[in-house]
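This report refers to the structure that appears directly beneath it.
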Ligand code: SF4
Ligand code: SF4
Ligand code: SF4
């Protein structure tokens, strides 16, 4: 037991030393990483998902998902579980597109991933594919650790499966938000797929479809479908989140590909704010300073 | 080459204004150039109020990671009754190392040459001078009262309250209290046409109160800057934080003793921070904790070689009578320029 603890301590120290050259603002984004959050419950990973699903409608989607199931406050590792996907391995791509992905086996119903000390933190791409006869079902998600790593631009540009749905940008501040539009590229064998149909399912119940443009880019407008009563009582609207998934299908030459990208989206920031009250207080501040402009210094005039 | 530079930048103020403007664009809208991810930013621990809440920033200030580290690391470590391990100390050391690496090169000139909020206040004061608004200076008595405020802001809002919130003694809403009152958050986000930050956060009552105060402070600063030079800088925690390290950077202000200083005092008049010590003192004491290394005192000192802006042994600029004569023709030491006058039609024709 003791040796396990000391091994864990030395791993933690190595991880920390590996972060020596990371920009220091790690803590600034600690609670913005999609890693630590609402889906986290004690007990087994499956139970966590089942409990969460049970509370908000058990099967909000039939799409394959990679869902987080770690402990609250988990910083240096990610615990994920497959949903609507049979037991397969997880491939994790780092920001360095020249490196091959890391294979993480499914153990006790969950994938446990911790970045190499040299790879620092930052953004990762996770992918799990299940082949059922001629059909390949692929779940993907993006994962961001609080610690800052390399830019994920090259990682996103990299072709990973046959059929990919990739956000053109991974949000870092507060994530995807309702009422905002984000672009997703759809690619087949690394080439843009114009006219691809993306199905958007949200955990709040929205079902809609978006069609990719001539460049294979779909502009997805996140629906304003949060019920204010569902906002996290302690953390507030800003930190309440729900899952969403984008799914597309392609059937080339007798084969079938079903690919999904899942992540979280948050309520509109303005839901917890009052613009008129804020502007009014700003004006009060201005008025308080106004006498400074009127009191002319006569001897300077 | 040097001649061309002299022609383009005939005064230190012109050079400083150009640098300020370039940095202003980089700090406020820079992500459109450097990239959107934190990894692309120039730094995430900059010694200036380049705001992290601005969604288009090209870098952001050291005060936000500091507050979060106090809250998450130190506060959390105390709660768990852990020893203060490397896991707690290392991120703070990293923040400090990044900060110091930047600070080493330009020191407190981050305030006088780079900070977007400093630039906004200075531009507003120029407008005030142009429109002949009164100039209120902070003299000895008032200065004594105001000066400790920046230390209270630093110790209270950057260090103490976030730690107390992390420990659970203070409400969670006090986890980054300085950001909640920081005027740069409101001013820079408004400049990117983003109204999220000026809107009052209504959820948590502690945060709502702090935000309300922040909005009032920001409104006050915007108008006060027309009549007081650098009003927020006087109480800015970044100024006190930077002044803790000001002797570590080779960039500094140097002043030698001169017999005419006692009666002259032009440098203090020129100083946007109204620092009387620059006229009264010399040597180490003349480089005051309030100094932003703007260099105006050196520009307006009429004595050759008395005030210098130096980087290590190199004098970047040295005061001279010739330069002074040219400088006062364009602008008086206190910033007064030819005012814009509104003349009634009848008077104009008379
Ligand atoms: S609010 Fe102020 S202190 Fe906080 S990140 Fe913005 S500029 Fe820095
Ligand atoms: S003192 Fe003024 S210039 Fe310096 S960081 Fe604060 S607001 Fe900016
Ligand atoms: S002492 Fe000189 S350099 Fe420092 S703030 Fe005043 S005028 Fe600027």
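The values are calculated or read from the model by the stated rules, or taken from the named source; none is laboratory data. These figures come from a predicted structure and were not determined experimentally. Backbone-built Cβ (ideal geometry, glycine too); neighbour counts: all protein chains shown.
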| query | Any chance region B:233-255 includes a residue that's within 14 Å of chain A (Cβ to nearest Cβ), crowded, with 23+ Cβ neighbours inside 10 Å, at pLDDT 95 or above and within 16 Å of ligand 1 (Cβ to nearest atom)? | reply | no
| task | Output the number of the condition that residue A:202 fails; it satisfies all remaining conditions of (1) crowded, with 20+ Cβ neighbours inside 10 Å; (2) touching a strand residue (DSSP E or B) at 6+ places or on another chain (Cβ under 8 Å); (3) under 20 Å from residue A:97 (Cβ atoms). | result | (3)
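Table: residues versus (1) modelled with pLDDT of 95 or more; (2) out of contact with any strand residue (DSSP E or B) (no Cβ under 7 Å at 6 or more places or on another chain); (3) away from every other protein chain (no Cβ under 11 Å); (4) crowded, with 17+ Cβ neighbours inside 10 Å.
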{"position": "B:83", "(1), (2), (3), (4)": "no, yes, yes, no"}
{"position": "B:93", "(1), (2), (3), (4)": "no, yes, no, no"}
{"position": "B:99", "(1), (2), (3), (4)": "no, yes, no, yes"}
{"position": "B:113", "(1), (2), (3), (4)": "yes, yes, yes, yes"}
{"position": "B:119", "(1), (2), (3), (4)": "yes, yes, yes, yes"}
{"position": "B:144", "(1), (2), (3), (4)": "no, yes, yes, no"}
{"position": "B:165", "(1), (2), (3), (4)": "no, yes, yes, yes"}
| field | Cross-chain or 6+ apart pairs with Cβ under 6 Å, region B:296-318 first and more than 14 Å from chain A (Cβ to nearest Cβ) and at pLDDT 95 or above, then away from ligand 3 (no atom under 12 Å from the Cβ) and in a strand (DSSP E or B) | value | B:305/B:318; B:308/B:315; B:308/B:318
| said: Here are the criteria: (1) under 21 Å from residue A:281 (Cα atoms); (2) in contact (Cβ under 8 Å) with a residue 40 or more places away in the chain. Tell me which single one residue B:220 does not satisfy. | reply: (2)
| query | How many residues, within region A:162-184, are within 19 Å of residue A:91 (Cβ to Cβ) and crowded, with 18+ Cβ neighbours inside 10 Å? | reply | 6
| request: Look through region B:199-215, keep the residues that are at pLDDT below 95 and within 7 Å of another protein chain (Cβ to nearest Cβ), and return whichever of them is surrounded by the fewest Cβ atoms within 10 Å (Cβ to Cβ). | output: B:202
| Answer residue from region B:42-57, given it is more than 24 Å from residue B:291 (Cα to Cα) and surrounded by fewer than 24 Cβ atoms within 10 Å (Cβ to Cβ) and is nearest to the other protein chains (Cβ to nearest Cβ) among those | B:55
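For (1) in a loop (DSSP other than H, G, I, E, B); (2) more than 16 Å from ligand 2 (Cβ to nearest atom); (3) touching a residue at least 24 places away in the same chain (Cβ under 8 Å); (4) within 25 Å of residue B:265 (Cα to Cα), each residue gets a yes or a no:
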{"position": "B:71", "(1), (2), (3), (4)": "no, yes, yes, no"}
{"position": "B:76", "(1), (2), (3), (4)": "no, yes, yes, no"}
{"position": "B:88", "(1), (2), (3), (4)": "no, yes, no, no"}
{"position": "B:113", "(1), (2), (3), (4)": "no, no, yes, yes"}
{"position": "B:125", "(1), (2), (3), (4)": "no, no, yes, yes"}
{"position": "B:128", "(1), (2), (3), (4)": "no, yes, yes, yes"}
{"position": "B:135", "(1), (2), (3), (4)": "yes, yes, yes, yes"}
{"position": "B:144", "(1), (2), (3), (4)": "no, yes, no, yes"}
{"position": "B:151", "(1), (2), (3), (4)": "no, no, yes, no"}
| Where residues in region A:270-288 are buried (at least 20 other Cβ atoms within 10 Å of the Cβ) and either modelled with pLDDT of 95 or more or assigned to a helix (DSSP H, G or I) (or both), which of them is farthest from the other protein chains (Cβ to nearest Cβ)? | A:271
| said: Just to be sure I understand, how many residues within region A:117-144 are more than 19 Å from residue B:35 (Cβ to Cβ) and part of a strand (DSSP E or B)? | reply: 15
| message | Please pick out the residue among B:225, B:218 that is more than 11 Å from ligand 1 (Cβ to nearest atom), at pLDDT 95 or above and either under 17 Å from the mean Cα position of the chain (by Cα) or away from chain A (no Cβ under 14 Å) (or both). | response | B:225
